[in-house]
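Structure, as structure tokens:
The values are calculated or read from the model by the stated rules, or taken from the named source; none is laboratory data. Not measured: the values here are computed from a predicted model. Here the Cβ is made from the backbone with ideal geometry for all residues, glycine too, and neighbour counts use every protein chain on show.
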Protein chains: 2
Amino acid sequence: MPEKTYQIGVEATMEVIGGKWKSIILCHLRLKPMRTSELERAIPQISQKMLVQQLRELEAANIVQRHVYQEVPPRVDYRLTDYGHSLSGVLHQLCVWGEENIDLRREQGEAITLLHRDDL
Amino acid sequence: MPEKTYQIGVEATMEVIGGKWKSIILCHLRLKPMRTSELERAIPQISQKMLVQQLRELEAANIVQRHVYQEVPPRVDYRLTDYGHSLSGVLHQLCVWGEENIDLRREQGEAITLLHRDDL
DNA sequence: TGGTATACCCACTAAAAAGTAAGTATGAAT
DNA sequence: ATTCATACTTACTTTTTAGTGGGTATACCA
């Protein structure tokens, strides 16, 4: 088995939260469990395919857990695992820095809007 | 001018530190200014092209500053701007979580190594 | 029997990111 | 004139990531 090597810790973190969608999904799930349709509404630009695909990858990394209710019509939600919750501080900081960055850029005259703040 | 809108702060953050290389470069520059050749040694997998390209993008975002010494042969280094330093906490957390993630995975039997720790 | 609602899955295409290999520019030293 | 060292730059190719449009399954309900 070939050994996997990292030069620096952040590489491993980015493998988990990197890419266009994972950090966004996780920032939402950090606040509460959400079902597929809720996530689609919260992240309107994402396609169904990408949402499911990213959730599967986060499941495989043991960051989120898929929870199936035994109901009809089907009902599923996704929530952070205990391990996923260990990312909570990182995720929150990522949100906050972005909010500050947006504020600053707007103060400097850029036409830029943030729709939802992660006020915690 | 079309208004740029973000749904959530983390989107703006990832625009700055996302991609395969930026967070790695920034984690190095967080600790000290470094010249091109030093960065190449610190990040052996990166190509020259990607290194320069990512540095240019970080410059454009006002996160790093290019510093030219008036010498021959040429000598240039890159360092975080004051604004770039505002990312320091985030970057450090990204490193630390990754280190913990790697430790955990090794404890669970995965063949995995971290070469350099970000001990601060 | 057909419509509703949810949560998918798949094949195909398009776009973005990254990799490779070569070349340019400067000026000093030999 | 040639070589050296550094820091790029460019053209081209490959790989990875993401988007589109369709289809499936379940069981209730009219």
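Taking first residues from the stretch B:94-120 that are touching a residue at least 60 places away in the same chain (Cβ under 8 Å) and more than 7 Å from every other protein chain (Cβ to nearest Cβ) and partners that are outside any helix (DSSP H, G or I) and surrounded by 11 or more Cβ atoms within 10 Å (Cβ to Cβ), the Cβ contacts under 8 Å between residues at least 6 apart in sequence or on separate chains come to B:LEU120/B:LEU31.
Take the residues in the stretch B:31-51 that are of a type in the set (Gly, Ala, Ser) and in a helix (DSSP H, G or I), then tell me which one is surrounded by the most Cβ atoms within 10 Å (Cβ to Cβ). That would be B:ALA42. Filtered by the rule that a residue be of a type in the set (D, E, K, R), away from DNA strand D (no atom under 16 Å from the Cβ) and in a helix (DSSP H, G or I), the stretch A:52-96 gives a lone residue, A:ASP82. Looking at B:GLU38, is it more than 10 Å from DNA strand C (Cβ to nearest atom) and of a type in the set (Asp, Glu)? Spelling it out, B:GLU38 is indeed more than 10 Å from DNA strand C (Cβ to nearest atom) and of a type in the set (Asp, Glu). A:ILE63 meets all of the listed conditions (1) surrounded by 14 or more Cβ atoms within 10 Å (Cβ to Cβ); (2) β-branched (Val, Ile, Thr); (3) away from chain B (no Cβ under 14 Å) but one, namely (3). Being at the interface with chain A (Cβ under 10 Å from one of its Cβ atoms) and at positive phi, is that true of even one residue in the stretch B:19-39? The answer is yes, given that some residue of the stretch B:19-39 is at the interface with chain A (Cβ under 10 Å from one of its Cβ atoms) and at positive phi.
Would it be correct to say that B:LEU39 is under 12 Å from the mean Cα position of the chain (by Cα), near DNA strand D (Cβ under 10 Å from one of its atoms) and among the aliphatic types (A, V, I, L, M)? Yes; evaluated as a whole, the condition is true for this residue. Once the stretch B:1-17 is narrowed to residues that are within 7 Å of chain A (Cβ to nearest Cβ) and assigned to a loop (DSSP other than H, G, I, E, B), the residue that is modelled with the lowest pLDDT is B:MET1.
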